[in-house]
Amino acid sequence: MVLNTEKKILLRYPITGFPHRSELCQIDAGEDFLPAIYTAFSGTTARTAAVLSMSAEDEKLLRQNLENLGYTDIMTIAFTHTDRGKIGMCIGSRVKDNLLQIAVVLRGTTGDEWYSNFDIGYSAEHSGFARAADFAELKLGDYVFTHAIGRDPVFFITGYSRGGAVANILAKRLCDRYGLEQVCAYTFASPATTISRRTNRYSTIFNLVRDEDFFTRVPLTGWGYTRYGKSLSMSDAGDMTARFKELTGKEYIGFTRQAAVDNFLHAAMNLAPNVHAYYERRRQVGDKRLSLYEFMRAVADMLSENMDEAAADVFLSAMVSEYTDLISFLSSGADLYELIGSAGGVPKCSVADSHCPAAYMAALDVFLQK
């Protein structure tokens, strides 16, 4: 249940992967959580955005959080679907100073959306994320058309992981259409989204990442990929493991240094020095020849709970192939056979722990205390 008091707004977010655990977050009710100047980073805005992003896995809880922040006319879209070209999203609005403030929260990856995450494509923007942003932009356009009558809209955009990547692209498009002063965006754990060289001009988009998180380091910088706006690393803020245990009740098994991820990226770059090689350069894996893209589709089979005998064979055969270093990295902190046999989506391992919402909430708490 989300509570409201005279002095504090209390929002609640679930601790993903740890059943029945959730955490309260206090927001000062005497001051709006959105900053007066969107180009200035705000800890309060970041914390509120993080809570909304992390609660997006629970449609009811997300709606309650938005209501407690004063948003009405809330609608959720594609939350129960896993269409690779779509994304779960929630839109709400409130009126402040005669402006219509529209909030958009993009849900993280579920089900078959994992395949879209590894579909980079050859365009200026990551193909899978751009298609999802097309969908989100269309639905948001419908909402603006029916709600922004006689008022100028301003936008607050946030999301975690895949949701963060789509939020990054969507916020850029809104900046282009409405102007930077109309858009405030905070993303979390977002992969890279674009090869554009004009990303710094989007000064109202803030991307909070961890360098120990593999998902924020792909597609590879060596391929020219980056994000719109400013990326803020929370890796140098201090030790977040104690806070992680406080949140989850479990020890953190994720990476505490970025060296392991650096080594993985170096191995991936050797396998595929560019996007064309990612799709086309094949290596022997058992009785098959697989490109890095085809290998990552086997990873998507595991993450989307579509693991079958053929996909399991790819993992086992890869242990004695040129993909050995990648398999070793992806299975860090877990037994490979446990990963293959996992029936619950993203399995417990170092890569997953480094990327999970609890790690980001723990890191954000430490980061904001600097």
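Below are the figures for this structure:
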read-out	value
The range 306-321 - residue that is surrounded by fewer than 16 Cβ atoms within 10 Å (Cβ to Cβ) and farther than 16 Å from D119 by Cβ and, of those, modelled with the highest pLDDT	V320
Tally, over the range 135-169, of residues that are surrounded by 18 or more Cβ atoms within 10 Å (Cβ to Cβ) and either in a strand (DSSP E or B) or polar (S, T, N, Q) (or both)	10
Selection count, the range 301-336, where residues are part of a helix (DSSP H, G or I) and within 22 Å of the chain's Cα centre (by Cα)	6
Subset of the range 42-93 [among the basic types (K, R), part of a helix (DSSP H, G or I) and surrounded by 15 or more Cβ atoms within 10 Å (Cβ to Cβ)]	R47, R63
Residues within the range 268-300 that are assigned to a helix (DSSP H, G or I) and either among the acidic types (D, E) or surrounded by fewer than 16 Cβ atoms within 10 Å (Cβ to Cβ) (or both), tallied	5
Members of the range 94-134 found to be of a type outside the set (A, V, I, L, M), free of Cβ contacts under 8 Å to residues at least 60 places away in the same chain and part of a strand (DSSP E or B), listed by number	R94
Within the range 204-254, considering residues that are in a strand (DSSP E or B) and among the polar types (S, T, N, Q), the one nearest to Y38 (Cα to Cα)	N207
Every pair of residues 6+ apart whose Cβ atoms lie under 7 Å, when the first sits in the range 21-49 and is assigned by TED's automatic domain parsing to the domain that holds G70 while the second is among the basic types (K, R) and modelled with pLDDT of 95 or more	C25/R47
Residue satisfying all of: in the range 104-128; among the hydrophobic types (A, V, I, L, M, F, W, C) and touching a strand residue (DSSP E or B) at 6+ places or on another chain (Cβ under 9 Å); surrounded by the fewest Cβ atoms within 10 Å (Cβ to Cβ) among these	A124
Leading residue by the ranking (surrounded by the fewest Cβ atoms within 10 Å (Cβ to Cβ)) among those in the range 170-202 that are over 18 Å from the mean Cα position of the chain (by Cα) and among the hydroxyl-bearing types (S, T, Y)	Y178
Selected residue (criterion: nearest to Y71 (Cα to Cα)) from residues of the range 83-129 that are small (G, A, S) and within 14 Å of the chain's Cα centre (by Cα)	G88
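Listed here are the residues, each with its yes/no results for (1) at pLDDT 95 or above; (2) under 30 Å from E23 (Cβ atoms); (3) charged (D, E, K, R).
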{"residue": "Q258", "(1), (2), (3)": "no, yes, no"}
{"residue": "F264", "(1), (2), (3)": "no, no, no"}
{"residue": "D287", "(1), (2), (3)": "no, no, yes"}
{"residue": "S291", "(1), (2), (3)": "yes, no, no"}
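The values are calculated or read from the model by the stated rules, or taken from the named source; none is laboratory data. Quick caveat, the model's predicted, so the values are computed rather than measured. With ideal geometry, Cβ positions are generated from the backbone for all residues, glycine too; neighbour counts draw on all protein chains shown.
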